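See below for the structure under consideration.
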Amino acid sequence: MQLKKRIYTFKILIINGLFFILFLSSCKEKKGIETEPIVTDYPKGYVVNGASNNVSIIDLNELSVKNIIQMTELGRFPHHINLSTDGKKLAVALPEFDFLLGHAALHNATDKKGGVAVLDAQNGNTLLKIAVPSVNFNAVFSPDGSEIWTASSTHTGEMFVYDANNGMLKSQVTLGADPSEVVFSKDGQYVFVALGESSFVYVLNAKTRLITKTIKVDAFPTNVWAGSDDKIYVENKVAHTINIIDAKTLTVVDYLDVAFTPGQIAYNQSLNELWICQAGENKVAYFERKNNLWSLKGSIVTGNDAHAITFTKDMKRAFVVNQKGNTVSVIDAVNHTKTKDISVGSQPNGIVLKE
């Protein structure tokens with residue numbers, strides 16, 4: 001009987017010892033987590049790659065691709081990218097058409113459909129996929145993040161407004177032939193879209209979703225781009241011109257002629273410079289307004305086919321997407337010099353920053 005008690009006591013001591021060792025181990029693990037936290041967030045640049053069917057995520061501190069969001073199962077030829085105001089969601093158009101094939105090929109692609117993918121900006125998960133009846137050029141969140149606007153790039157072009165949370169169609173507005181990029185004014189009051197087979201930019205009221213005004217511009221406007229100065233810049237590839245619309249008065253207030261085919265446009269407010277991608281070339285030109293005229297100050301060599309451009313919040317750096325070069329050029333905006341080329345996916349066509 002005495003021997004059994006000793007064995008029992010010995011077992012209790014062993015068990016207690018094991019619990020004590022486990023307790024010490026768990027304490028050490030907790031201490032390690034507290035003193036060495038894992039950094040899961042960083043300033044990002046999202047680059048959509050049309051031929052790779054993915055999004056490259058660039059670490060803006062390291063200036064290198066940190067991760068990739070694969071979109072193969074969502075659709076083909078993802079085109080342009082937009083970040084919600086709260087920085088939580090991304091919207092990407094899924095046109096099922098390669099816009100590099102050109103205007104004529106688009107008109108023959110009547111069987112192609114469009115779409116919108118809504119992605120989680122933090123982890124890349126797909127939150128929503130919306131079917132659009134026809135090929136669409138881009139998709140953009142409303143300023144409050146409740147809606148997604150996109151237009152069908154067809155001869156009977158229409159504007160579609162979807163609920164950003166469930167994908168339900170809220171409104172459908174008939175526009176005209178070949179609408180392209182859809183952009184909001186800085187205050188979110190108006191929506192602008194150029195009609196490629198006309199001489200007009202259409203303005204819609206963001207609340208009523210009705211056409212408020214048609215603004216006369218140069219013939220065959222190809223795109224509109226929203227500037228940080230509350231101006232809308234109209235890209236006219238055929239005429240080699242830029243029309244500038246005041247987003248408050250809804251009138252053309254300025255213009256400039258260029259000696260190249262213009263691509264995407266961005267305004268640097270701190271430098272008072274207008275930067276324009278030279279479509280199909282490896283340059284970005286920058287202009288300055290003096291004495292009521294725009295004058296060319298210079299150009300910066302980027303990569304093959306400078307296609308899209310954006311500035312950081314402090315306006316000190318520019319990121320240029322080179323569609324045929326499969327790179328993003330990092331530009332020191334103040335010194336007008338390229339500092340680095342970042343390799344991304346195949347045929348990148350759009351970029352947005354989350355700082």
Q: Select from region 272-284 the residues that are in contact (Cβ under 8 Å) with a residue 24 or more places away in the chain and under 12 Å from Ile331 (Cβ atoms) and write down the one among them that is surrounded by the fewest Cβ atoms within 10 Å (Cβ to Cβ).
A: Glu273
(Q) What's the total number of residues in region 213-227 that are within 23 Å of the chain's Cα centre (by Cα), within 13 Å of Pro179 (Cα to Cα) and open to solvent by 30 Å² or more (accessible area, probe 1.4 Å)? (A) 1
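Which count do you get for residues in region 274-292 that are outside any strand (DSSP E or B) and in contact with a Lys or Arg (Cβ under 7 Å, 6 or more places away or on another chain)? Let's see the steps before the verdict.
Let us first name the residues in region 274-292 that are outside any strand (DSSP E or B), namely 279-282, 291-292.
Retained after the next criterion (residues that are in contact with a Lys or Arg (Cβ under 7 Å, 6 or more places away or on another chain)): 279.
Selection size over region 274-292: 1.
Could you list, in sequence order, all residues of region 228-239 that are modelled with pLDDT of 95 or more, open to solvent by 10 Å² or more (accessible area, probe 1.4 Å) and out of contact with any Pro (no Cβ under 7 Å at 6 or more places or on another chain)? Walk me through how you get there before you give the answer.
Here is the first cut: in region 228-239, the ones modelled with pLDDT of 95 or more are 231-239.
Retained after the next criterion (residues that are open to solvent by 10 Å² or more (accessible area, probe 1.4 Å)): 231, 237-239.
Residues satisfying the conditions are Lys231, Val238, Ala239.
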Q) So which of Asp98, Asp120, Asp111, Asp144 is surrounded by fewer than 24 Cβ atoms within 10 Å (Cβ to Cβ) and in contact with a strand residue (DSSP E or B) (Cβ under 6 Å, 6 or more places away or on another chain)? A) Asp120
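Based on what the data block shows, is Ala259 under 30 Å from Val301 (Cα atoms) and either touching a Pro at 6+ places or on another chain (Cβ under 9 Å) or assigned to a loop (DSSP other than H, G, I, E, B) (or both)? Give the steps one after another, and end with the answer.
Details: under 30 Å from Val301 (Cα atoms): yes; either touching a Pro at 6+ places or on another chain (Cβ under 9 Å) or assigned to a loop (DSSP other than H, G, I, E, B) (or both): yes.
Considered against the rule, which asks whether it is under 30 Å from Val301 (Cα atoms) and either touching a Pro at 6+ places or on another chain (Cβ under 9 Å) or assigned to a loop (DSSP other than H, G, I, E, B) (or both), Ala259 comes out as yes.
Being closer than 19 Å to His79 by Cα and surrounded by fewer than 22 Cβ atoms within 10 Å (Cβ to Cβ) is the requirement here; does Ser180 meet it?
So Ser180 passes the test.
Only residues that are surrounded by 13 or more Cβ atoms within 10 Å (Cβ to Cβ) and without any contact (Cβ under 8 Å) to a residue 60 or more places away in the chain: list them for region 123-134, please.
From region 123-134, those surrounded by 13 or more Cβ atoms within 10 Å (Cβ to Cβ) are 124, 126-134; that's our starting set.
Matches in region 123-134: Thr126, Leu127, Leu128, Lys129, Ile130, Ala131, Val132, Pro133, Ser134.
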Q) Is it the case that region 196-212 has a residue that's open to solvent by less than 50 Å² (accessible area, probe 1.4 Å), over 20 Å from Phe141 (Cα atoms) and acidic (Asp, Glu)? A) no
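Can you tell me which residues in region 125-146 are closer than 16 Å to Met71 by Cβ and over 14 Å from the mean Cα position of the chain (by Cα)? Spell out how you get there, then give the answer.
Step one: filter region 125-146 for residues closer than 16 Å to Met71 by Cβ, giving 125-132, 136, 138-139.
If the condition is that a residue be closer than 16 Å to Met71 by Cβ and over 14 Å from the mean Cα position of the chain (by Cα), then Asn125, Thr126, Leu127, Leu128, Lys129, Ile130, Ala131, Val132, Asn136 are the ones that fit.
Can you find, within region 308-344, the residue that is surrounded by the fewest Cβ atoms within 10 Å (Cβ to Cβ) among those that are part of a loop (DSSP other than H, G, I, E, B) and touching a Pro at 6+ places or on another chain (Cβ under 8 Å)? Quick ask: steps written out before the conclusion?
Of region 308-344, the ones part of a loop (DSSP other than H, G, I, E, B) are 312-316, 323-326, 333-336, 344.
Remaining after also requiring touching a Pro at 6+ places or on another chain (Cβ under 8 Å): 323, 326.
Numbers: Gln323: 26, Asn326: 21.
The extreme case among them is Asn326.
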Q: Starting from region 235-253, take each residue that is part of a loop (DSSP other than H, G, I, E, B) and list its partners that are acidic (Asp, Glu), counting only C-beta distances under 7 angstrom and pairs at least six apart or across chains.
A: Ala239/Asp218; His240/Asp257; Ala247/Asp230; Lys248/Asp230
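Under the condition of being among the hydroxyl-bearing types (Ser, Thr, Tyr) and under 21 Å from Phe184 (Cβ atoms), which residue from region 53-95 is most open to solvent (accessible area, probe 1.4 Å)? Walk me through how you get there before you give the answer.
In the first step, residues of region 53-95 are kept if they are among the hydroxyl-bearing types (Ser, Thr, Tyr); the result is 56, 64, 72, 84-85.
Then drop every residue that is not under 21 Å from Phe184 (Cβ atoms), which leaves 84-85.
On the way: Ser84: 8, Thr85: 109 Å².
My answer is Thr85.
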Q | Every residue from region 287-307 that is farther than 22 Å from Asp254 by Cα and surrounded by 14 or more Cβ atoms within 10 Å (Cβ to Cβ) | A | Ile300, Thr302, Gly303, Asn304, Asp305, Ala306, His307
Q.
Here is a check on your reading of the model: is Asn138 within 20 Å of Gly75 (Cβ to Cβ) and free of Cβ contacts under 8 Å to residues at least 60 places away in the same chain?
A. no
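The values are calculated or read from the model by the stated rules, or taken from the named source; none is laboratory data. Note that the coordinates shown come from a computational prediction; the quantities given were computed from them, not determined experimentally. For neighbour counting, all protein chains shown are included, and Cβ atoms are generated from backbone atoms with ideal geometry for every residue, glycine included. The accessibility values were calculated without ligands, DNA or RNA, using every heavy atom of the protein model including side chains. Shrake-Rupley method; radii C 1.70, N 1.55, O 1.52, S 1.80 Å.
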